[in-house]
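Quick notes on the structure that follows.
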Amino acid sequence: MNAKLSHRMFIVVLGAALCLQTSVVMAGIVTTDELATQNQAEAEKSRIKTFMDRADVKVRLQALGVDEPSAKDRVAAMTDQEVHAMAQKIDSMPAGGYLGNRDLVLILLIVLLILII
């Protein structure tokens, strides 16, 4: 009889302990703009890291005296606004380089010299 009573007491105490356990859950409304901004910042930061992994960029950074780990740390510490500004600069850069008026005149002269000869 004593074993049955202690078994029942154990069940009651275990049930009470399980009922008293609470878990804190916090939920909030996330707007589409907030989610889009967060995803955009992550995508832009990824694009900057990919840009910095290019060989010509690494060479240029080393020529400026910036080592690769330091540059990557700086990118990781950038705010969302800084990341967005840098990503826009990367997007606006010409893909093949910039040809100025002098370069175009020089190319035209070379073509004319080739045609004359």
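Exactly one residue out of 90, 114, 107 is part of a helix (DSSP H, G or I) and in contact with a Phe, Trp or Tyr (Cβ under 7 Å, 6 or more places away or on another chain): that is 90. Each residue in the range 1-27 was checked for being outside any helix (DSSP H, G or I) and at pLDDT 75 or above, and 0 of them qualify. Within the range 28-38, the set of residues being assigned to a helix (DSSP H, G or I) and either surrounded by 10 or more Cβ atoms within 10 Å (Cβ to Cβ) or modelled with pLDDT under 75 (or both) comprises 34, 35, 36, 37, 38.
The set of residues in the range 51-69 being part of a helix (DSSP H, G or I) and exposed (fewer than 11 other Cβ atoms within 10 Å of the Cβ) consists of 55, 56, 59, 63, 69.
The values are calculated or read from the model by the stated rules, or taken from the named source; none is laboratory data. Here the structure is a predicted model, which is why all the values come from computation and not from measurement. Every residue, glycine as well, gets a Cβ built from its backbone with ideal geometry; the counts of neighbours run over all protein chains shown.
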